[in-house]
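Student: Questions regarding the structure given below will be posed in turn.
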Ligand code: 5GP
């Protein structure tokens, strides 16, 4: 394990790809890494056996990026999804907001699905763990409820290998589909935000795979 990877020693599952090793996608000419729907789907589905063992009663999807991965997981885990919306990044500048995490939308604890959180195992889903600030905030919000979950786990499609600002409690299980280098990731649902239609986005994602280390060299 590299020194950076050791920063995430509470990781329970094994990520599919080694940060510097084979299977990594290269950056496109703009320095960003493009991921296709299939890349995301594969990473998410690779977590299903471990997540079934955790056996959550409900998923909390952190929007907007966690919504699609959470929906993918719903097919396999067959549990409902609650949507919350937390904002850290300024979409206009791709920079971290100075104000920290803002709670834009939370779930209704009195709703049928919302009432599943109290006293049960809960799975928090987001697309990418960057500084970990958002995940820490979400987990702390859940844990400080009057009637908190019995156990919390976190699942992300991608974990960026870097020193983390946020800290997750030891008793929170952590699942990542793929450990990735510390670059900006572009996801298919955001294609237009980067000036691409989905076909162009998927082309770029293919290009990043072809240019990356696809493991053919050993
Ligand atoms: P963190 O709190 O871990 O720094 O950031 C979490 C949020 O920032 C994610 O939910 C995501 O919305 C956004 N984010 C961080 N890095 C990236 C990235 O590389 N690509 C995209 N699209 N969003 C990112």
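The values are calculated or read from the model by the stated rules, or taken from the named source; none is laboratory data. What you see is a predicted model, and the numbers here were worked out from it, not measured in a lab. Please note: Cβ atoms are built from the backbone with ideal geometry, for glycine as well, and neighbour counts cover all protein chains shown.
Student: Only strands (runs of 3 or more DSSP E) wholly contained in the range 79-162 count here; list those with 2 or more residues that are at pLDDT 95 or above and buried (at least 18 other Cβ atoms within 10 Å of the Cβ). Quick ask: steps written out before the conclusion?
Tutor: Working: elements: 81-87, 102-105, 121-129, 151-160.
Strands (runs of 3 or more DSSP E) meeting the threshold: 81-87, 121-129, 151-160.
Student: Do you know which of the residues in the range 170-192 that are in contact with a strand residue (DSSP E or B) (Cβ under 8 Å, 6 or more places away or on another chain) and outside any strand (DSSP E or B) is surrounded by the most Cβ atoms within 10 Å (Cβ to Cβ)? Walk me through it before giving the result.
Tutor: Going through the range 170-192, the residues in contact with a strand residue (DSSP E or B) (Cβ under 8 Å, 6 or more places away or on another chain) turn out to be 171-187.
With the extra rule that they be outside any strand (DSSP E or B), the set shrinks to 171-172, 181-184, 187.
Details: 171: 10, 172: 19, 181: 17, 182: 11, 183: 14, 184: 15, 187: 25.
Filtering the range 170-192 for residues that are in contact with a strand residue (DSSP E or B) (Cβ under 8 Å, 6 or more places away or on another chain) and outside any strand (DSSP E or B), the one surrounded by the most Cβ atoms within 10 Å (Cβ to Cβ) comes out as 187.
Student: Would you confirm, using the coordinates I've provided, whether residue 33 is modelled with pLDDT under 50 and touching a helix residue (DSSP H, G or I) at 6+ places or on another chain (Cβ under 6 Å)? Walk me through how you get there before you give the answer.
Tutor: Working: modelled with pLDDT under 50: no; touching a helix residue (DSSP H, G or I) at 6+ places or on another chain (Cβ under 6 Å): yes.
No, not satisfied.
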